[in-house]
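The values are calculated or read from the model by the stated rules, or taken from the named source; none is laboratory data. Remember, predicted model here, so these are calculated numbers, not experimental data. Every residue, glycine among them, receives a Cβ derived from its backbone with ideal geometry; neighbour counts consider all protein chains shown. For accessibility, only protein heavy atoms count, side chains too; no ligands or nucleic acids. Shrake-Rupley method; radii C 1.70, N 1.55, O 1.52, S 1.80 Å.
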Amino acid sequence: MDWLGLRGKRALVAGAGGIGAAAALALADAGADVVVADRDPRRLGELGLRTLEADLTDADGARDCVTRADELLGGLDVFVHAVGVNDRRPVLGTPDDVWRAITSVNLDSAFWTGRAAGELMVARGYGRIVYLSSVSGLLAHPHHAPYAATKGAVNQLARVMAREWAASGVTVNAVAPGYTETGLTHDHLEKPGVRDGLTALVPTGRLGTPADLTGPILFLCSGQAAFVTGHVLYADGGRTLV
């Protein structure tokens with residue numbers, strides 16, 4: 001039974017890291033035809049899905065990636081943006097190049113790819129766009145200024161896109177995880193006391209995993225979410241309640 005209505009949908013997932021890979025595999029398991037884009041060929045090679053190597057921080061590269069995915073799939077119904085980097089430093093210790101690197105990956109790529117995907121979807125009268133955000137887009141975590149700024153901006157980007165494209169059959173939403181066990185967080189979580197300290201802030205008593213996020217992502221990509229747009233869904237074990 002295809003309750004989600006994803007069977008046969010054509011999906012592009014940007015980002016082959018922990019959450020992006022989990023989302024791509026979950027979409028494929030739900031019956032979608034999936035292409036995954038990333039700039040790291042090693043990560044792409046581990047997925048067993050159709051892939052595109054691309055630099056999404058460049059406007060032309062992002063548009064070319066979306067166009068190539070559209071051609072490979074014969075159309076584009078679903079786009080998931082799961083691209084992100086972080087570099088934990090205090091504001092006064094954040095060099096200009098670190099700020100630019102993080103905003104380029106986390107925010108520029110979100111705009112370039114989302115705009116290109118939205119253009120195709122609006123013209124065709126249907127689409128689902130889901131951004132991976134973070135609780136850092138809401139909470140003022142120290143040593144997260146560039147990352148938090150980009151995630152807050154992604155939330156608003158999704159809301160503006162949602163409002164502009166709602167009448168065209170295109171929904172745009174975001175999923176905002178709490179601390180999740182991925183390659184992006186691994187080294188930080190292994191520092192003395194960090195894992196226990198962060199876990200203590202989560203009412204459910206544990207950190208998240210990529211598998212915790214696939215349900216929210218699939219729902220927002222699905223036909224069941226046709227009346228949900230401009231929403232930020234916090235999948236955080238209650239972290240934003242604290």
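Under 13 Å from the Cβ of Arg195, count the other residues' Cβ atoms, weight Lys and Arg +1, Asp and Glu -1, and hand me the total.
-2
Rank these residues by their accessible area, most exposed first, probe 1.4 Å: Glu119, Glu164.
So the residues, ranked largest to smallest area, are Glu164, Glu119.
Whole number in Å², please: accessible area per residue of the chain, 1.4 Å probe, ligands, DNA and RNA not counted.
I get 45 Å² per residue for the chain.
Around Tyr234, which amide H atoms from residues at least 5 apart in sequence, or from another chain, sit under 5 Å from its own amide H, with H modelled in the peptide plane?
Ala176
What is the distance in Å between the Cα centroid of the stretch 207-228 and that of the stretch 1-80?
Value for the Cα centre distance between the two parts: 16 Å.
With a 1.4 Å probe and all protein chains in place, put Trp165, Trp99 in order of accessible area, largest first.
Trp99, Trp165
With a 1.4 Å probe and every protein chain kept in, tell me what percent of the accessible surface of the chain is carbon plus sulfur.
Here carbon and sulfur together make up 55 percent of the probe-accessible area.
When the convex hull of the C-alpha atoms of the stretch 36-168 is computed, what volume per residue in Å³ does it have?
Value for the stretch 36-168: 110 Å³ per residue.
Given a 1.4 Å probe and the protein chains all in place, what does the accessible area of Thr103 round to, in Å² to the nearest 10?
Rounded to the nearest 10, the figure is 30 Å².
I need the phi-derived Karplus couplings for the stretch 202-211: 6.51 cos²θ - 1.76 cosθ + 1.60, θ = phi - 60°, integer Hz, Gly and Pro marked x.
Per residue, the Karplus-derived 3J(HN,Hα) values read 9, x, 6, x, 7, 7, x, 10, x, 5 Hz.
For a quick check of understanding: with a 1.4 angstrom probe and all protein chains in place, what accessible area in square angstrom does Ile19 have, to the nearest ten?
30
Take the Cα radius of gyration of the stretch 87-242 and divide it by 2.2 N^0.38 Å, with N its residue count; two decimals is plenty.
Against the empirical 2.2 N^0.38 Å value, I get 1.10 for the stretch 87-242.
What are the ³J(HN,Hα) couplings of the stretch 7-16, residue after residue, when phi is run through the Karplus curve with 6.51, -1.76, 1.60 and θ = phi - 60°? Round to Hz, x for glycine and proline.
Along the stretch 7-16, the couplings run 5, x, 6, 9, 10, 10, 10, 9, x, 10 Hz.
Viscosity 1.002 mPa s, temperature 20 °C: what is the translational diffusion coefficient of the stretch 101-167 from Stokes-Einstein with a Kirkwood Rh over Cα pairs, rounded to a whole number of µm²/s?
In µm²/s, the coefficient is 170.
Principal axis lengths of the stretch 155-226 from Cα atoms, whole Å, largest first?
Each principal axis gives a Cα extent; for the stretch 155-226 these are 50, 23, 22 Å.
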